[in-house]
1. From (1) modelled with pLDDT under 90; (2) buried (at least 16 other Cβ atoms within 10 Å of the Cβ); (3) within 16 Å of DNA strand D (Cβ to nearest atom); (4) part of a helix (DSSP H, G or I), pick out the condition that doesn't hold for B:P37.
2. Restricting attention to region B:324-347, which residues are modelled with pLDDT of 55 or more and assigned to a loop (DSSP other than H, G, I, E, B)?
3. Filter region B:122-144 for residues that are within 14 Å of chain A (Cβ to nearest Cβ) and in contact (Cβ under 8 Å) with a residue 60 or more places away in the chain and give the result.
4. Just a yes or no: is a residue in region A:103-111 more than 11 Å from chain B (Cβ to nearest Cβ) and buried (at least 19 other Cβ atoms within 10 Å of the Cβ)?
5. Given (1) closer than 22 Å to B:T202 by Cα; (2) of a type outside the set (F, W, Y); (3) outside the structural domain of B:E209 (by TED's automatic domain parsing), where does B:G315 come up short, assuming only one miss?
6. From the residues in region B:227-250 that are surrounded by 24 or more Cβ atoms within 10 Å (Cβ to Cβ) and farther than 16 Å from B:P198 by Cβ, which one is nearest to the other protein chains (Cβ to nearest Cβ)?
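The values are calculated or read from the model by the stated rules, or taken from the named source; none is laboratory data. The shown structure was predicted, so the numbers you read here are calculated from the model rather than taken from an experiment. Here the Cβ is made from the backbone with ideal geometry for all residues, glycine too, and neighbour counts use every protein chain on show.
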Protein chains: 2
Amino acid sequence: MSETASRPTLEAVAARAGVSRATVSRVVNGGEGVREPLVERVRRAVEELGYVPNQAARSLVTRRHDAVAVVIAEPETRVFADPFFALQLRGISKELTAHDSQLVLLLTEGRDDHVRVGRYLSGGHVDGALVFSLHLDDPLPGLIHGAGVPTVFGGRPGWGEGTRDIVYVDSDNRGGARDAVRHLVGLGRTRIGHITGPLDQTSAVDRLEGFRDVMVGGDPRLIVESDFTPAGGERAVRELLERCPDLDAVFAANDLSASGALRALRERGRRVPDDVAVIGFDDMLPVAEQTDPPLTTVRQDIEEMGRLMARLLLGGREPRGTGPEREAGNAPSGVVLPTTLVRRASA
Amino acid sequence: MSETASRPTLEAVAARAGVSRATVSRVVNGGEGVREPLVERVRRAVEELGYVPNQAARSLVTRRHDAVAVVIAEPETRVFADPFFALQLRGISKELTAHDSQLVLLLTEGRDDHVRVGRYLSGGHVDGALVFSLHLDDPLPGLIHGAGVPTVFGGRPGWGEGTRDIVYVDSDNRGGARDAVRHLVGLGRTRIGHITGPLDQTSAVDRLEGFRDVMVGGDPRLIVESDFTPAGGERAVRELLERCPDLDAVFAANDLSASGALRALRERGRRVPDDVAVIGFDDMLPVAEQTDPPLTTVRQDIEEMGRLMARLLLGGREPRGTGPEREAGNAPSGVVLPTTLVRRASA
DNA sequence: GCCACGTTTGAGAGCGCTCCCTGGCGCCCG
DNA sequence: CGGGCGCCAGGGAGCGCTCTCAAACGTGGC
């Protein structure tokens, strides 16, 4: 039952059920075109022997692996320490499970790893790849895109804008930012500052664009470039207050920097939201709910992004072997998920 | 180069290099016992053709997979939203990479998944498993332990205490807790409260034990069971202050609950650390450094735990194929990593 | 009652690789 | 200078599975 007793093979099951290997194979893979009594007999034999198909042998002939690589490029540790990827992984995992696929996690550390990952992906060990790349100058996505592996990107890649065959899933960063800023405007605020994220990330750029969409002709000095960290948020607010002492609202590009902003505002004696209204982005719960006051922010459904990425990669493939392998690429080249404004106390 | 052009096989490389398949195989797998000029020729052919071994074919005969499953049981979403697993995964990933192994991530959602994971693991798709189980009543670890797959647990499992063949890696929760409480005592504090974690987790239990080790004969009413969350920490502090208004220190079982404690103390007009000193556990940076005041806490090297788990699982196996497959199990049944007290402003 | 056709089942090849074993060759020693 | 030994390369089997193809088995219609 346990130990080194080598696992039963198809052959063994066939012998036990008194049929041929081919028949067992058919039953194991869906049982189409096998008469009921035989199906039953085979099923029982499988059960009794505790047969589990040898995936290696199967892959060898089918050239399918029922496995998908998830590549997370991680130039900074910070990125990895937030719940973002965790949630996305969850979504991915759920969807892959539904498709009987495994999740092979590839974390890259520095440039050398690109080679390793590239080799792995083009080595045909997986059916596809889900790639997260946050930085515009990251060579990895390009590499992968050239590796000839079906790929879906998480977040809008910074290059190949109009390229038809790049598939990605992103949230509506720009639209979400617009909603946030419009909300501030609706509150009667006029001197609205924006704390950006690192502008080598498309999400930060898109949020900035959304801000600009609403504040057309606004004072460019009300935009301070920052880095998605609480400390950066603090610095940015100090800068903003210096440039514009009667600032009455802040839109921070993420919750972390918003939390820093909150702290700096309190320290400077500004009441939130009375004097200055604050809105963040992400709705990262441990942060957004715990700030003082709780943060109004833009929520994105991160887990759903993950699910969608997996679904897109697996294409029209139904939960196991049915249907066409892949709808010939008329997939949308970019899918953008909606965001919603979550009102709490800060604005 | 790209596209569907089927990848080159050993055969192709052999033809190109003018040698036999066997020779190419030898070269690819270390090149022992092949004369230099041939090695060179084969290497070049591999390079030119962009040959990558077919892992499925290889596994089929070697019965090795160069892959390790990482199983994360996740009854609560909260658990996953903290950076803990992320860091551990990093450590694991690094070590596996060094051993040319892949990381197959298995996230479980609810009971049904146990079956799936069990089948997968006993299906012989991976060389071993790294399992994280946080709760005492989780049936998963038991299941896996019975599946006949080499396994290393992350964190002390709640059962099979003395069992010789259970291998796990944990931090020194008890010792770390002792250090923290001793530090408070050294500060002259005498009315020290403890906010525990969920006591169905061994880490929480061990930290409580450490607290008790130092506070022998202490008032049991100074121990409040909580849940590792900020909100729980707040509640616990209110409870503690009610029971003991002149409380002068709090040891919280993790940083998150410590942050809640900090807030509740401020709200109740207690100054930290003047009136009440506070120590957390984990040194979860985004939290510990950002609290007001910054949190004194117990650091554990989470990434190293991950590395160690992987190293233990892979046994004495050197970076690829050399050495014995596995030192016959005289491995230590539990490895406990040291913790260090990180002094910041809160105590 | 017989033949043509559709449906099930079985036989066999082969996926790409490793590894055992044999054959060939150079070299050392007698 | 010849025999034996050791080292290196190649041949070939076979890992467990899928999938094509052909055989066997009905079944219905004429």
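1. Unmet condition: (2).
2. B:S333, B:P338, B:R343, B:R344, B:A345, B:S346, B:A347
3. B:G124, B:H125, B:V126, B:D127, B:A129, B:L130, B:F132, B:I144
4. Within region A:103-111 (the criterion being more than 11 Å from chain B (Cβ to nearest Cβ) and buried (at least 19 other Cβ atoms within 10 Å of the Cβ)), the answer is no, since none of the residues qualifies.
5. (1)
6. The qualifying residue nearest to the other protein chains (Cβ to nearest Cβ) is B:V237.
Quick grid of which residues meet (1) in contact with a strand residue (DSSP E or B) (Cβ under 7 Å, 6 or more places away or on another chain); (2) assigned by TED's automatic domain parsing to the domain that holds A:Q102; (3) touching a residue at least 60 places away in the same chain (Cβ under 8 Å):
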position: A:V224; (1), (2), (3): yes, no, no
position: A:D227; (1), (2), (3): no, no, no
position: A:E239; (1), (2), (3): yes, no, no
position: A:A252; (1), (2), (3): yes, no, no
position: A:E289; (1), (2), (3): no, no, no
position: A:M309; (1), (2), (3): yes, yes, yes
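Yes/no per residue for (1) in contact with a helix residue (DSSP H, G or I) (Cβ under 7 Å, 6 or more places away or on another chain); (2) within 23 Å of B:K94 (Cα to Cα); (3) within 16 Å of DNA strand D (Cβ to nearest atom):
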| position | (1), (2), (3) |
| --- | --- |
| A:R58 | no, no, yes |
| A:R111 | no, yes, no |
| A:V126 | no, yes, no |
| A:P139 | yes, yes, no |
| A:G146 | no, no, no |
